[in-house]
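Structure, as structure tokens:
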Amino acid sequence: METIAHPRATFRDMQESTADDWKIIGDEFKSYAAALPDRVLVHLRLLDGDCGGFPVDRLTHSLQTATRAYRDKRDEEYVICALLHDIGDTLGSFNHPDIAAAILKPFVSAENHAIVEKHGIFQGYYFFHHLGMNRNLRDQFAGESFYNATLEFCEKYDAPAFDPDYDTLPLEFFEPMLRRVMARPKNTIYKSVTE
């Protein structure tokens, strides 16, 4: 198999970079960014088989959360947030919502981003007290614009998504939605150079 050589910038210190260097980098970035959904799918599949003591593995939980949101007629952006809300479990064991929120931020509304970012605290209402923690940590966000939406996400989609008998849609069902949502960044400082 022949390896294709791609042009590369010539600077050794970013302070010495030129417009020509950044044209090369920008051209490479477009194809790299276009492949983001592929990398996300690979990472999501890492959750397959990892139960961590839960009744279903983490991928099934993610798929089930998305399936419940889809069947409740949520829009594609919301469904993809539901699908990816726990994608950070493998690398962010102590802050998984932050990882998922960072991945989704360029592509989703402020409210959907906040739901993903805060869902761990809100979900804690259902189990923190079993660990000697304050189950009402979510109350610190009472009055925030995302509060009720995050309560609803956890109650309707995230909390009940541990059912081994639920008719869960496969990852392939959600792949086209993921590609559409990630094809249109709307919240990034690089928006002007990605269009």
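The values are calculated or read from the model by the stated rules, or taken from the named source; none is laboratory data. From a predicted model like this one, the values you see are computed outputs, not experimental measurements. Glycine also receives a Cβ, built like all others from the backbone with ideal geometry; neighbour counts cover every protein chain displayed. Note: accessible area is taken over every heavy atom of the protein model, side chains too, but ligands, DNA and RNA are not part of it. Shrake-Rupley method; radii C 1.70, N 1.55, O 1.52, S 1.80 Å.
On alpha carbon coordinates alone, what is the Rg over Rh value for segment 19-75, Rh being the Kirkwood radius?
1.26
With contacts taken as Cα pairs under 8 Å and at least 6 residues apart, segment 97-195 reaches a relative contact order of 34 percent. Against the empirical curve 2.2 N^0.38 Å, the C-alpha radius of gyration of segment 144-193 lands at a ratio of 1.63. Counting only alpha carbon atoms, the long axis of helix 36-45 and the longest principal axis of the chain meet at about 40°. Where the convex hull is taken over the Cα atoms of segment 88-195, what is its projected area averaged over directions, in nm²? Its average projected convex-hull area is 8.7 nm². On full extension, the segment bounded by Ser17 and Ser31 gains 2.9 nm, given 0.36 nm per residue less the C-alpha separation. I'd like the orientation of helix 110-123 relative to the chain: the angle between its Cα long axis and the longest Cα principal axis, in ° from 0 to 90, rounded to 10. So the helix axis and the longest Cα principal axis differ by about 50 degrees.
Angle of helix 19-34 to the longest C-alpha principal axis of the chain, folded into 0 to 90 degrees and rounded to 10: 40°.
For a straight C-alpha distance cut-off of 14 angstrom, the aspartates and glutamates reachable from Lys118 (same-chain residues fewer than eight places away being disregarded) are Asp86, Asp98, Asp139, Glu144, Glu152, Glu155, Asp158.
I'd like the carbon and sulfur percentage of the solvent accessible area for segment 1-65, probe radius 1.4 Å, heavy atoms only, ligands and nucleic acids excluded. Walk me through the numbers on the way to the answer.
Values: 2710 of 4700 Å².
Its accessible area is 58 percent carbon and sulfur atoms.
Each other residue within a Cβ distance under 14 Å of Glu111 adds +1 if Lys or Arg and -1 if Asp or Glu, for a net charge of -1.
Each of Gly53, Leu83, Pro106 was placed along the dipole of the chain (beta-carbon charges, centred on the mean Cα), and the one lying farthest toward the positive end is Pro106.
Peptide packing: for 183-190, 80-87, the average count of neighbouring Cβ atoms within 10 Å per residue gives the ranking 80-87, 183-190, highest mean first. Solvent-accessible surface of the chain, taken per residue with a 1.4 Å probe and all protein chains present: 60 Å².
Which peptide among 93-102, 21-30 comes first, and what is the full order, when sorted by highest mean count of other Cβ atoms within 10 Å?
Working: 93-102: 16.8, 21-30: 13.4.
Going from most to least packed, we get 93-102, 21-30.
Debye-formula intensities of the chain, expressed as log10 I(q)/I(0) at q = 0.09 Å⁻¹, are -0.40 (one equal scatterer per alpha-carbon, no solvent).
How much of the accessible area of segment 71-195, in percent, comes from carbon and sulfur atoms when a 1.4 Å probe is used? Intermediate results must be reported in sequence, preceding the final value.
Working: 3590 of 6780 Å².
Whole-percent figure for carbon plus sulfur exposure: 53.
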